[in-house]
Amino acid sequence: MIALLAFRNLILKPRRSAFLLFGYSLGVAVMIVLLSIGEALLSQSRDEKLVGGGEVTVLPEGIDVEVMKTGGLGGLFFSIDHARFIHGQLLAAPRLAGEVAAVAPQIESKLLYARTAGGREIAVMASGEIPSRTLAVGAMPPLASGEWVDDGLDRTWRDPVPNELRNGIDRFHLPPPDRRTDPSWAEWHYFNVLSPDRSTWAFISLIVGGAVPNGEWGGQVLITLHNQGGSSRKFVATVPASAVQFSTQHADLRIGTSSVVVLSDGRYAVRANAREVGGPGRVDVNLVVAPSPGAFFPGAALSGGDLVSGYVVPALRADATGSICVDGRCEEYHLAQSYHDHNWGVWRGVTWEWGAARAGPYTVLYGRVQSSDSAVASQPLFAYVVDSLGFLTLFRPRDIQYEDARVVRVGSATINVPARATMIDVRGDDTLRIELTIEDATATDTRTPGVERGEGLSARQLERPYFVQMKGLMRISGRVFGKSLSGEGAGFFETYR
């Protein structure tokens with residue numbers, strides 16, 4: 001009976017019947033495709049090449065999982081930048097201790113080249129893991145014999161002690177091969193220290209610059225002492241390359257009788273002495289700078305065209321203890337606010353916006369490097385925020401709005417410099433507002449030698465040649481992860497005019 005009714009309906013209503021048949025066929029086809037996809041996902045989930053243990057897998061942005069599995073051309077060069085920072089300051093950080101039980105860094109089928117004793121290169125696929133971490137996420141393969149445990153390098157990677165961390169990120173560099181003869185190459189340790197009443201402060205730079213290592217190069221110690229609303233005093237010591245010692249394996253630096261040494265507990269011993277520019281004075285610095293745990297910026301390196309620039313902040317929030325003596329009269333510091341960063345690169349035509357400050361329980365670092373100050377910057381700034389648990393969040397303000405209501409003299413010139421500045425960013429539900437109030441500012445003409453931070457080469461050829469250093473207050477407000485963000489404190493800021 002049903003077959004008869006269907007046949008008569010097909011005869012009487014052929015178009016409607018064909019349409020219904022097409023819809024039914026399409027539905028069946030979609031169901032077959034979905035079942036096939038489900039079967040493929042189930043099969044891949046059981047594939048040992050895709051099983052890394054744990055419950056969440058973090059992959060490089062944009063990587064194709066199937067390409068990783070099959071070893072296609074697109075999978076040859078993938079990497080996760082700053083993987084150790086992501087491991088220690090994000091995924092395995094104390095902030096997530098209640099949600100994340102274990103994190104295992106793994107690399108699968110990485111293309112490497114092995115060179116034989118005879119000089120022949122052989123392409124090999126290599127994988128790497130940290131045994132204890134792999135075991136913790138339940139991905140340890142069965143061992144036929146022997147043992148597989150962490151060695152010293154595994155421990156250093158997953159849990160470096162303070163001096164290992166400092167030396168790892170704060171080491172020195174050689175210029176790229178195509179920059180070995182460039183006299184504008186410079187690299188330096190920079191420290192600042194602020195008195196408790198914010199009335200005096202010091203900038204201390206130990207610089208290696210020139211055509212390193214085989215051309216004409218040397219070292220320089222540059223120290224500037226400032227008084228609130230008063231004049232500054234600059235001290236310089238210059239030594240030849242034969243009196244400079246640095247290493248690409250650690251952070252220690254010696255320039256003549258001045259030095260920076262990383263102590264066994266991760267603190268910095270800073271010793272520096274120099275003669276006053278244009279005067280008979282002498283300065284002697286003897287400080288120990290103690291970084292706060294977790295308060296560091298892992299570094300960034302930029303390259304392209306004529307720009308080669310690297311920057312790392314091993315001590316974003318630090319305390320300094322010791323003395324700065326001028327002509328035998330010493331100012332003593334005990335747990336004074338301090339900061340340390342490390343810069344390297346080719347500085348011809350380079351300017352930047354930069355600032356670092358404490359804001360209550362938070363410490364904020366912001367900045368942007370511009371390869372040419374004659375062009376409008378296309379990249380936003382970054383604003384990097386840490387608290388007592390380490391890295392908290394990152395914002396990207398589009399720009400910084402200055403109010404140039406202060407006036408300073410540079411030689412015979414008078415220039416306007418900032419009195420206030422504002423940065424704002426919104427990222428989803430998170431917001432940040434940074435307000436700067438400038439209490440003191442000085443400017444230096446970069447066309448003359450001996451400029452702060454080591455970039456004082458007269459060949460820089462900047463259209464905004466005045467390097468402005470400011471001391472003031474930073475006030476932050478906003479929300480992060482649903483919680484209010486608020487604080488105020490002192491810091492230092494830089495720009496160009």
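Descriptive notes on the structure:
- Close pairs from region 112-140: first over 24 Å from Thr156 (Cβ atoms), partner surrounded by 13 or more Cβ atoms within 10 Å (Cβ to Cβ), Cβ under 6 Å, at least 6 apart: Met125/Ser109; Gly138/Gly53
- Counting only strands (runs of 3 or more DSSP E) that sit completely within region 223-314, those holding 3 or more residues that are hydrophobic (A, V, I, L, M, F, W, C) correspond to 233-240, 258-262, 268-276, 282-291, 297-304.
- You will find that of Ala272, Ala295, Ala315, the residue that is farther than 24 Å from Thr363 by Cβ, modelled with pLDDT of 95 or more, touching a strand residue (DSSP E or B) at 6+ places or on another chain (Cβ under 8 Å) and outside the structural domain of Glu353 (by TED's automatic domain parsing) is Ala272 and no other.
- Val212, sole failed condition from (1) crowded, with 20+ Cβ neighbours inside 10 Å; (2) free of Cβ contacts under 8 Å to residues at least 40 places away in the same chain; (3) of a type in the set (Val, Ile, Thr); (4) not in a loop (DSSP other than H, G, I, E, B): (4)
- Test for Asp284: is it surrounded by fewer than 17 Cβ atoms within 10 Å (Cβ to Cβ) and under 22 Å from Asn192 (Cα atoms): no
- Checking each residue in region 344-355 for being modelled with pLDDT of 95 or more and crowded, with 23+ Cβ neighbours inside 10 Å picks out only Gly355.
- Hits in region 165-180 - residues which are outside any loop (DSSP other than H, G, I, E, B) and buried (at least 17 other Cβ atoms within 10 Å of the Cβ): Leu165, Arg166, Asn167, Gly168, Ile169, Arg179
- Residue list for region 135-161, restricted to those being under 15 Å from Ala92 (Cβ atoms) and in a loop (DSSP other than H, G, I, E, B): Val137, Asp150, Asp159, Pro160
- Any hit, region 328-349, residues being within 13 Å of Trp201 (Cα to Cα), within 18 Å of the chain's Cα centre (by Cα) and assigned to a strand (DSSP E or B): yes
- Considering residues of region 435-478 that are at pLDDT below 60, of a type outside the set (D, E, K, R) and more than 23 Å from the chain's Cα centre (by Cα) only, the residue surrounded by the fewest Cβ atoms within 10 Å (Cβ to Cβ): Ala459
- Scanning region 181-208 for residues that are at pLDDT 90 or above, of a type in the set (D, E, K, R) and crowded, with 17+ Cβ neighbours inside 10 Å gives a single hit, Glu187.
- Remark: Pro240 matches the filter, which requires a residue to be in contact with a strand residue (DSSP E or B) (Cβ under 6 Å, 6 or more places away or on another chain), surrounded by fewer than 18 Cβ atoms within 10 Å (Cβ to Cβ) and assigned by TED's automatic domain parsing to the domain that holds Val277.
- Unmet requirement for Asp197, which otherwise passes all of (1) more than 30 Å from Asn286 (Cα to Cα); (2) free of Cβ contacts under 8 Å to residues at least 60 places away in the same chain: (1)
The values are calculated or read from the model by the stated rules, or taken from the named source; none is laboratory data. Note that the coordinates shown come from a computational prediction; the quantities given were computed from them, not determined experimentally. All Cβ positions, glycine included, derive from the backbone under ideal geometry; neighbour counts span all protein chains shown.
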